[in-house]
Amino acid sequence: MSQERLILKLLSDNKPHSVIEIMQKVYRLKDDKGIARIASRISDIRKKYGVEILSKPQKDNRKIWWYKITSKVSKFDLMS
């Protein structure tokens, strides 16, 4: 499954997910080297699937971003 679809699948529960959680669950990374990559994939998902994704920084640490899908995702989009 592509990185886009793994992220889309994770976010499809309509709950907020931190960039740290996405790095750990999708990329299996323990450091912050994947943050720019995640932002790029989120942008790709927005464009490719037309999914609305809210993104905002954590209040006490603006390096940590949170992402949450605010629109419905079709089951077709989640298929690999």
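Odds and ends about this structure:
- Filtered residue count, segment 27-62, keeping only those that are at pLDDT 85 or above, open to solvent by 80 Å² or more (accessible area, probe 1.4 Å) and in contact with a strand residue (DSSP E or B) (Cβ under 9 Å, 6 or more places away or on another chain): 4
- Test: residue in segment 63-74 that is assigned to a helix (DSSP H, G or I), modelled with pLDDT under 90, open to solvent by 40 Å² or more (accessible area, probe 1.4 Å) and closer than 17 Å to Leu10 by Cβ: no
The values are calculated or read from the model by the stated rules, or taken from the named source; none is laboratory data. Predicted, not measured: the structure shown is a model, and the values here were computed from it. We place every Cβ from the backbone using ideal geometry, glycine too, and count neighbours over all the protein chains shown. In case anyone asks, the SASA skips ligands and DNA or RNA and just uses the protein heavy atoms, side chains included. Shrake-Rupley method; radii C 1.70, N 1.55, O 1.52, S 1.80 Å.
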